[in-house]
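Notes to accompany the following structure.
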Amino acid sequence: MSEQQQTPADERRAPRPAGRHVVIVGAGMAGVQTAVALREQGFTGPVTLVGAEPHQPYDRPPLSKAVLLGKAEDSAFDVDFEALDVDLRLGVEVTRLRAADREVDTEAGPVPYDTLVVATGAHPLTLPGSEGVPGVHLLRTLDDAARLKPVLESRHDIVVVGAGWIGAEFATAARQAGCAVTVVEAADRPLAGALPAEVTAPMGAWYAESGAELRLHARVEHVEEGRVVLTADSTDFGATGAPRELPADAVVVGIGARPATGWLEDSGVALDPSGALVADDRLRTSLPDVYAVGDCASFPSARYGERLLVHHWDNALQGPRTVAADILGAAVAPYDPVPYFWSEQFGRFVQYAGHHAAADTLLWRGDPADEAWSVLWLREDALVALLAVGRPRDLAQGRKLIEQAAPLDPARAADPSVPLKAAVR
């Protein structure tokens, strides 16, 4: 059975009765936008949105920026749930799915559904052995940001574990607040799991420019209150003699995330090795009338010829429209977006679109020593991915060209003075 045919499509395409009860588990961007999209597309039946956190549903990207720096109290969505007639249940943890009974169990009792949408997002990975150690923080929730605000205000010595997107954004905010920051990364470069070495190489210099220290090839042996101890074989840019013990009034861990699907392990729903729900190209799971959207779900991409798991905001914004349309029995195109995300770090606006894994050519547009430059990935001369640093026009035009699979003239595409759209053959 193909991925596109893993669920009974004919059964799903039939129009649904208007009174069907849709239950959405997860009140982040994906869950909230699913509720909004259902109403916008004309669904009139009951909608229940269940969220584990007690706070009014909020957007996560500002947590590592405005909220963390005290420039905003929160980042609540501007959504009137009462006007939408959405039953909002907050502070309710969902513990189990009983698909045969069409119910989800919660701490407050079972919730029956006719259609279920799983939008539980992802949990940040913790540093082994750090649980319960005072001063160790994650940055995923509003409560996490609230705990970190006074750390920044006190201008503490901070160690960040992980030089990925979250690590870089937090280090940026901490330096803006006047903290001494050391970032330790087990790999040989920042963003090692996201981008190739030649692209991330110039990004390493951004840390020093901001006044943060970046320690590469640095693995954490253990964390104690007030310090981080590195393994004996950890080095600093390949050099020996760097200190193994780092003073740390606070430790912020940013080493990745895993789909928040533990409550589904005994439900019979298909999960992939990462723990993500296996969804088809309409975001339907292997269980009847159960959908998955956002960070907790992987989906097949015909554009890239592989299954994608996208842990970014734009995926949580776009997927709900497909889910809502399919729930309503409307005609809907296969879900196959061009992945997109952005990051604000060290005074730079970094944007990425596409998926570069299958590219056969890498092109530079501009000098990475400058403030603004881009990298293009081509496959048989068609643009498949793009990284833009301070070049938003490249991103905007490139994203459209990826969607169109338009062939480019590589020589013109590599010329930063030529608009990308003018490089189309």
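Can you tell me which residues in the range 341-394 are more than 13 Å from Val199 (Cβ to Cβ), buried (at least 21 other Cβ atoms within 10 Å of the Cβ) and among the basic types (Lys, Arg)?
Arg391 - this is the single residue of the range 341-394 that is more than 13 Å from Val199 (Cβ to Cβ), buried (at least 21 other Cβ atoms within 10 Å of the Cβ) and among the basic types (Lys, Arg).
List pairs: first residue in the range 192-203 and surrounded by 14 or more Cβ atoms within 10 Å (Cβ to Cβ), second residue assigned to a loop (DSSP other than H, G, I, E, B) anywhere in the structure, Cβ distance under 6 angstrom, at least six positions apart or on different chains.
Between residues of the range 192-203 that are surrounded by 14 or more Cβ atoms within 10 Å (Cβ to Cβ) and residues that are assigned to a loop (DSSP other than H, G, I, E, B), the close pairs are Thr200/Arg189; Thr200/Pro190; Thr200/Leu191; Pro202/Pro368; Met203/Pro190.
Applying the selection to the range 99-145, what residues are of a type in the set (D, E, K, R), free of Cβ contacts under 8 Å to residues at least 12 places away in the same chain and more than 26 Å from Arg282 (Cβ to Cβ)? Walk me through how you get there before you give the answer.
Let us first name the residues in the range 99-145 that are of a type in the set (D, E, K, R), namely 101-103, 105, 107, 114, 131, 140, 143-144.
If we keep only those that are free of Cβ contacts under 8 Å to residues at least 12 places away in the same chain too, we end up with 101, 103, 105, 131.
Asp105, Glu131 - these are the residues of the range 99-145 that are of a type in the set (D, E, K, R), free of Cβ contacts under 8 Å to residues at least 12 places away in the same chain and more than 26 Å from Arg282 (Cβ to Cβ).
Quick one: what pairs do we get from the range 152-174, first residue in a strand (DSSP E or B), second basic (Lys, Arg), C-beta under 9 Å, 6+ apart or different chains?
Sorted first by the residue in the range 152-174, then by its partner, the pairs are Val159/Arg227.
Out of all the residues in the range 206-214, is one or more under 24 Å from the mean Cα position of the chain (by Cα), in contact (Cβ under 8 Å) with a residue 12 or more places away in the chain and within 21 Å of His312 (Cβ to Cβ)? Walk me through how you get there before you give the answer.
The first filter runs over the range 206-214 and keeps only residues under 24 Å from the mean Cα position of the chain (by Cα), leaving 206-207, 214.
After this cut, where a residue has to be in contact (Cβ under 8 Å) with a residue 12 or more places away in the chain as well, the list is 206-207, 214.
Going one step further and asking which of them are within 21 Å of His312 (Cβ to Cβ), we end up with 206.
For the range 206-214, residues under 24 Å from the mean Cα position of the chain (by Cα), in contact (Cβ under 8 Å) with a residue 12 or more places away in the chain and within 21 Å of His312 (Cβ to Cβ): present.
Taking the residues in the range 133-149 that are under 18 Å from Pro247 (Cα atoms) and out of contact with any helix residue (DSSP H, G or I) (no Cβ under 6 Å at 6 or more places or on another chain) as candidates, determine which candidate is surrounded by the fewest Cβ atoms within 10 Å (Cβ to Cβ).
The residue in question is Pro134.
What residue, of His311, His356, is in the same structural domain as Val389 (by TED's automatic domain parsing), outside any helix (DSSP H, G or I) and in contact with a strand residue (DSSP E or B) (Cβ under 7 Å, 6 or more places away or on another chain)?
It is His356.
Determine which single condition Asp143 fails, assuming it passes every other condition in (1) closer than 18 Å to Leu63 by Cβ; (2) of a type in the set (Asp, Glu); (3) assigned to a loop (DSSP other than H, G, I, E, B).
(3)
Check off (1) in contact with a Phe, Trp or Tyr (Cβ under 8 Å, 6 or more places away or on another chain); (2) free of Cβ contacts under 8 Å to residues at least 40 places away in the same chain; (3) within 19 Å of Ala146 (Cβ to Cβ) for Pro61 and give me the number that stays unchecked.
(2)
Considering only residues of the range 175-185 that are touching a strand residue (DSSP E or B) at 6+ places or on another chain (Cβ under 8 Å) and in a loop (DSSP other than H, G, I, E, B), which is farthest from Val253 (Cα to Cα)?
Cys179
Counting only residues that are outside any strand (DSSP E or B) and either under 25 Å from His312 (Cα atoms) or in contact with a helix residue (DSSP H, G or I) (Cβ under 9 Å, 6 or more places away or on another chain) (or both), how many does the range 84-106 have?
Looking only at that region, the number is 6.
How many residues does the range 359-392 contain that are of a type outside the set (A, V, I, L, M, F, W, C) and in a loop (DSSP other than H, G, I, E, B)? Give the derivation first.
Let us first name the residues in the range 359-392 that are of a type outside the set (A, V, I, L, M, F, W, C), namely 360-361, 365-368, 370-371, 374, 379-381, 390-392.
Subsequent filtering for residues that are in a loop (DSSP other than H, G, I, E, B) retains 360, 366-368, 370-371, 380-381, 390-391.
Total meeting the criteria: 10.
The values are calculated or read from the model by the stated rules, or taken from the named source; none is laboratory data. All figures in this text were calculated on a predicted structure; none of them were measured in a lab. In this analysis, Cβ positions are derived from the backbone assuming ideal geometry, glycine residues included, and neighbour counts consider all displayed protein chains.
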